[in-house]
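The next block holds one structure in the form of structure tokens; read it before the comments.
Just so it is clear, none of the values below were taken in a lab; they were calculated from the coordinates. Computed from a prediction, not measured in an experiment: that's the story for all the values here. Cβ: placed from backbone, ideal geometry, glycine included. Neighbour counts: every protein chain shown.
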Amino acid sequence: MIGALASRAGQAWALCAAVQLALWLVQQRTRNAGIVDVGWALSFALVAAGFAARATAPVAGWAPIAALACAWSLRLGGYLIARGAARSPEDGRYADLRRRWAPRTALRLFVFFQAQAALTAILSTAFVVPFLAAPWDAGWLRALGAAIAAAGIAGETVADAQLARWRRDPAHRGRVCDAGLWAWSRHPNYFFEWCVWLGHAVYGLAFAPWGLIALGGQALIVTSIFKVTGIPATEAQALRSKGDAYRAYQARVPAFVPRPPRQI
């Protein structure tokens with residue numbers, strides 16, 4: 001099993017590294033590093049398809065998790081493209097990195113793009129075991145995990161749609177979105193993304209002991225959301241662009257888990 005896991009992780013890394021190399025070359029021409037997010041999102045569908053092509057386990061065990069991984073990947077990738085991540089102007093987070101990383105911006109962005117490829121490969125271990133082993137759970141754990149992941153995808157879809165609708169209204173220009181789910185959490189998209197990976201982890205429990213590797217994906221996602229490219233970078237950019245309006249929003253609305261806003 002260890003050899004098979006290493007082989008699949010290596011396959012995922014090679015595929016994602018090639019994708020991110022191509023996208024790095026594109027951003028060298030377009031000066032828009034936001035395309036890395038599109039590549040990161042869509043790479044998971046490619047990885048799941050690759051796992052399916054080399055699956056050695058019963059289809060019934062891996063088909064639901066493959067469908068969920070592809071649905072999440074394609075939805076997020078499509079949303080990012082529609083939002084403009086692949087075209088100018090460059091997202092403020094990456095424009096800030098471009099300024100701070102000068103004069104070695106190209107090299108540092110190359111490392112950053114390849115780090116995203118490595119992260120995709122590592123996270124793919126959260127759903128690789130069902131392609132290699134048979135489950136023991138009679139279906140109940142897989143159903144629970146799939147339901148949690150599906151709820152996460154649905155929640156992300158609603159949160160992103162609400163934000164997009166808010167931004168389309170000219171009257172909201174310069175204001176902070178605090179409608180719908182965004183009135184209950186400053187980052188409902190990140191919360192529901194975490195739910196997707198929680199679902200993968202629960203699904204993986206049906207393939208224990210090897211399926212426990214899916215718990216590692218949870219740790220990485222939580223670390224990324226709270227410490228790396230998630231909430232810290234997003235809120236820093238929001239404070240730069242919205243200032244006191246966003247500070248008031250921070251005081252009123254919880255950062256992650258949705259709940260009623262504080263009355264101030």
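Mind ordering 205-216, 24-35 by average Cβ neighbours within 10 Å, highest first? Intermediate values should be presented prior to the final figure.
Details: 205-216: 19.4, 24-35: 17.5.
Averaged packing, sorted descending, gives the order 205-216, 24-35.
With +1 on each Lys and Arg Cβ and -1 on each Asp and Glu Cβ, how big is the dipole of the chain about its Cα centre, in debye rounded to the nearest 20? Can you show the working numbers first?
Numbers: 27 positive and 12 negative charges, 194 e Å.
In debye, rounded to 20, the chain gives about 940.
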*Nearest-ten-degree value, helix 92-101 long axis tilted from longest Cα axis of the chain*: 90 degrees
*Under 14 Å, Cβ to Cβ, from P232 - net charge with Lys/Arg +1 and Asp/Glu -1*: +2
_Please list 3J(HN,Hα) in residue order for the range 143-157, calculated via the Karplus relation 6.51 cos²θ - 1.76 cosθ + 1.60 where θ = phi - 60°; whole Hz, with x for glycine and proline._
5, 5, x, 5, 5, 5, 5, 5, 5, x, 4, 5, x, 4, 4
*asked:* Under a crude label model (7 Å from the Cα following the beta-carbon direction), how far is K227 from A151 in nanometres?
replied: 2.7 nm
*Please report, in whole Å, how far the alpha carbons of the range 169-264 spread along each principal axis, starting with the longest.*
52, 26, 24
*Degrees, to the nearest 10: 188-205 long Cα axis against longest axis of the chain*: 10 degrees
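Find the relative contact order for the chain and round it to a whole percent, using C-alpha pairs within less than 8 Å whose residues are 6+ positions apart. Intermediate results must be reported in sequence, preceding the final value.
Details: 364 pairs, mean separation 56.7, N = 264.
Here the relative contact order equals 21 percent.
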*asked:* Compute the angle between helix 2-30 and the longest alpha-carbon principal axis of the chain, please, reported from 0 to 90 degrees and rounded to the nearest 10.
replied: 30 degrees
*What's the local net charge at R83, with K and R +1, D and E -1, over the other residues with C-beta under 15 Å away?*
+1
_So for the chain, considering every pair of alpha-carbon atoms, how many percent are separated by more than 22 Å?_
57 percent
